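A quick write-up on the structure given underneath.
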Amino acid sequence: MTARTSDESQPAGGARYEPAELERGWQRRWEQDALYATPDHVEGRENWYALTMFPYTSGDLHIGHWFAMAPSDAAARFRRMQGYNVLFPMGFDAFGLPAENAAIRGQIHPRDWTMANIERMRGQLKRMGAMFDWRRELNTSAPDYYRWTQWWFLQLYRQGLAYRAEAPVNWCPSCNTTLANEQVVDGACERCDTAVEQRRMAQWFFRITRYAEQLLGHEGLQWPEYVKLMQRNWIGRSEGAEVSFALERPAPDGTAEIRVFTTRPDTLCGVTFMVLAPEHPLVEQITTDAQRAAVRAYVEATKHATEIERQSTEREKSGVFTGAYSVNRITGERVPVWIADYALLTYGTGAVMGVPAHDQRDFEFARRFALPVRVVIAPPGWDGAPLVEAYLGPGVMVHSGRFDGLPNEQGKGAIAQYAELEGWGGPRIAYRLRDWLISRQRYWGAPIPMLYCEQCGIVPVPEQQLPVELPYDVEFRPTGQSPLALSERFVRTSCPQCGRAARRETDTLDTFMCSSWYFMRYADPHNRERAVGDQAAQNWLPVDQYTGGSEHATMHLLYARFFYKAARDAGLVPGDEPFTRLFSQGQILGPDGRRMSKSRGNVVAPDAQVEHWGADAFRAYLMFLGPWEQGGPYDVDGIVGVSRWLHRLWALITQPPRTVAAPVAESIHGPLLAQPPRPVAAAVAESPRELRRLAHRTLQRVTSDLEHFQLNTMIAALMEMTNGLQRLRDAGPVDAAAWEEGTRLLLLMLAPSCPHLAEELWAQTGRPYSIHQQPWPAADPELARRESVEIAVQVNGRTRGRLTVAADADEAAVRAEASGHPAVRDLIAGKTVERVIYVPERLLNLVVR
RNA sequence: GCCGGGGUGGCGGAACUGGCAGACGCAGCGGACUUAAAAUCCGCGGCCGCAAGGCGUGGGGGUUCGAGUCCCUCCCCCGGCACCA
């Protein structure tokens, strides 16, 4: 076919479907008309906040972004057509390491790199044809955004939720920065897979653990169960007790006890040793001279071990005796105090009571070092023989003095209470969740708005002085120290309290902090006085529908919930939770079924797909692939099916059938006149009903599918309807009014998934701009109803024939007709019909003997 | 190891609440149109079998008139957690 030059935005009817031209034309028009600008309030419309996770500014939109965003857009458009005032914003998660690494590698400033990427990605996003309100675009690296990120830091600091502490932290030697616990995967850096080391450093933390209990509750949230479960597991709540053991000889600093957390207070009398984490502050103090050398060597070795080495459960237990002893407060017994790296400083109290008989780890430790094993929970039928492994099951308490004879489950509470009564412990709850480490020793992030004054110590930067701007001129050297530390101009400042010389904090904020509140800023993106104004927050928060990848289940989604709760406690936002509904789409894979990556050579570039097939076809195909929550491989050959469908649809609308029920010409474009009754052929007389049934049945399916994000079956339903209309058209003359109604519904249903084509065909058939401002049609169940249905006739559960009967036929009638069916008649001849099961519109089953 | 999710044609997948398994597509085969090809259109298509019929939703067992769907058990794949006391 020769290339045809046409009016870009309004090709003439009957022309060939040229998606690329047509889509650009409508995108321009929508932008000119600000069709998708969302006011804060529209009289008579309820607000609906639909949000899809914003992209990191990596430089290119990849297929995963399309897979996440295009269906989200369809859902948002559907809500809009349903009458909501829908906010569907877009922005850029623009701070982060890759920008800085690019700077180190190749002579480009992180800001320039990022800004260029944003330019590029904005263009790619616009090509998607989504209803993003670009007036609310965010860039987390812009001073007028990170100013408020810094403000949030100060806000949390005021609330006592931000603190600086020296603690062992996760250090990635490749990224040259610390990492939050959530960024360590299997002991390695989430970003670069390098083994993580432990370093002791003074760092800033958020006290997310204070909200552990609240974060555990997901009441009222319409979230996937598995995401809630992942969060619960991550938070890891354990009920137990804290118990103190007296030190035989108090430490030099006066400490006279070792406190431990245990989930098994019932086994307290089975303690035969104690274990401190090697980093535990008591270690240095209680170690005897005789043991000092060995202890120091062990502590040193632990320091150098990576997290992978330390956390391996395969490894044999190791440890060293400190020479010190502690005393069991119940039994009065003296037990040795060891250090071992299976005790973790950051969980519980950093110390463990060793009960080898009832804890497998303690058992292995005791066996390795020939420590005694004492059974205090008798396994049922136990004859007193030595254990070959720890006994973890229920039983009766023995060798436990006054608690002997108690079932151990009761013993847990009894001992915890006893400890409380005696003042050396009590019931406690421990969480696996750690406080959120937010300091990063890198340049491209929001500077932490804090100062260190010789006189006043740690001083927050006054709010009026925000933002603490990132200086442009810095040296990028991966030294393990923030590049900001090398910039004297940045560092040197004066104390706002006393005016003396002060130094700025040179670490920057974890970029997860930028994304913990961005959804609030969309509600009020240009506010110069507040992060988000009260009215804007009331208008839009919380987010009604959030969509994004499940890889953020325990990071972004947990952090954002923490932020929101802290904001709520400060009276800044309504409700308790930021995201009322969450839908997590799956991951899109390469055609080979593996994760897309350049090294595997299985990357499919969305730009090329869009160029070749058009945004509408690409959007629809991503929806058609399969269940959205599942993701799956992207088959480059499959999209042709969707493209063919859109071409057929184009032909269907631009080449309408011969119609009856005149006047024909007006009935398509103008208002419909009442249909004069006139004799027509039987086939034509039947067609309006059939056509309307098809249209309204499809409308029922599509409406329900959109409500449930079942977009694959939605596309299938639209294809079926297109095929059906095609068949009706090709069969002969069609009723004009029914055709008009059917095609109108089809285009309206197409609008969420293929907004350009729907708009084009809507315009070509003379309907008023814009289809995206039309209300979603209501299905008429009466029209959707089937009058006759095919049912299966079974004999003893096996299908032997089919019958077409009236949909509301009663059992007797169907049975009578079935008995006349030859195959059925032969099978029931001479037998007794014992039972008849009739499922209307489905089947008739005759049970015979 | 523990906790989730999942195994359906050659492929992606469909199947409301236990009711005709394989919708809708891709690839394939046959045909029409064409000088030819592409594109398009029509038709076929789970497996075995000439047919009648039989067998089929990871394997085995069960409940039921009837099981992809419910119960028991085993296998495999994916995700999360894992020395958290």
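In region A:788-848, what % of DSSP beta bridges are antiparallel (nearest 5)? Counting DSSP beta bridges with both partners in region A:788-848, the antiparallel share is about 80 percent. From most to least packed by mean Cβ count within 10 Å, the peptides A:602-609, A:505-512, A:220-227 give A:505-512, A:602-609, A:220-227. Restriction of the chymotrypsin sites (Phe, Trp or Tyr not before Pro) in region A:61-103 to DSSP coil positions whose beta-carbon has at most 13 other beta-carbons within 10 angstrom yields no sites. Averaging Cα coordinates gives a centre for region A:727-777 and one for region A:98-140; these two points are 37 Å apart.
Computed on chain A, with alpha-carbon pairs under 8 angstrom and 6+ residues apart, the relative contact order is 14 percent. Full extension of the chain segment joining A:Arg648 with A:Asn723 gains 26.2 nm, where the gain is 0.36 nm per residue of separation less the Cα-Cα distance. Spatially, region A:318-394 and region A:602-627 are offset by 59 Å when compared through their Cα centroids. When A:Lys598, A:Lys831 are compared by accessible surface with a 1.4 Å probe, the order from highest to lowest is A:Lys598, A:Lys831. Computed over region A:123-207, the percent of Cα pairs more than 18 Å apart is 64.
The length gained on full extension between A:Ala34 and A:Arg120, counted as 0.36 nm times the residue separation minus their Cα-Cα distance, comes to 28.8 nm.
Return the FRET efficiency for the residue pair A:Gln107, A:Arg530: r is the Cβ-Cβ distance, R0 is 41 Å, and the value is rounded to the nearest 0.05. It comes out at approximately 0.55. Using 15 Å as the cut-off for backbone N distance, which residues of region A:341-383 belong to the label zone defined by a point 7 Å from the Cα of A:Glu309 along Cα→Cβ? Under cut-off, by backbone N: A:341-342. Shown for chain A: the carbon plus sulfur share of the solvent-accessible area, taken with all protein chains present and a 1.4 angstrom probe, equals 49%. Here's the list of lysines a cross-link from A:Lys565 could span, going by alpha-carbon distance under 27 Å and ignoring same-chain residues fewer than 8 apart: A:Lys228. In region A:237-431, Cα pairs under 8 Å separated by at least six residues give a relative contact order of 30 percent. Computed from phi, the 3J(HN,Hα) profile of region A:178-183 under the Karplus parametrisation 6.51, -1.76, 1.60 (θ = phi - 60°) reads 7, 10, 6, 3, 5, 8 Hz, with x in place of Gly and Pro.
A straight chain from A:Val42 to A:Arg368 at 0.36 nm per residue would run longer than the Cα-Cα distance by 110.1 nm. Residues A:Val640, A:Val335 ordered from highest to lowest accessible area at a 1.4 Å probe: A:Val640, A:Val335.
Straight-line cross-link partners of A:Lys303 among the aspartates and glutamates, defined as a Cα under 14 Å from its Cα and at least 8 positions apart when in the same chain: A:Glu197, A:Glu279, A:Asp341.
Over all orientations, region A:237-431 has a Cα convex hull whose mean projected area works out to 11.0 square nanometres.
Here the label points at A:Ala823 and A:Thr713, each 7 Å from Cα along the C-beta direction, are separated by 2.8 nm in the simple model. Overall shape: oblate for chain A, with the ratio a/c of the largest to smallest alpha carbon gyration tensor axis at 1.5 or above and b/c at least equal to a/b. Per-residue ellipticity at 222 nm, computed for chain A from helices alone with -39500 (n - 2.57) per DSSP H run of at least four residues, works out to -11000 deg cm²/dmol. Taking all protein chains as they are arranged and a probe of 1.4 Å, the heavy atoms of A:Trp30 leave approximately 10 Å² accessible to solvent. Here chain A carries DSSP beta bridges of which approximately 70% are antiparallel, counting only pairs with both residues inside. Accessible area of A:Arg835 (1.4 Å probe, protein heavy atoms only, ligands and nucleic acids ignored): about 150 Å².
The values are calculated or read from the model by the stated rules, or taken from the named source; none is laboratory data. Because the structure is predicted, anything quoted here is derived from the model rather than measured. A quick note on method: Cβ atoms are made from the backbone with ideal geometry, for glycine too, and the neighbour counts reach across all protein chains shown. Side chains are part of the model used for accessible areas, which takes the heavy atoms of the whole protein and leaves out ligands, DNA and RNA. Shrake-Rupley method; radii C 1.70, N 1.55, O 1.52, S 1.80 Å.
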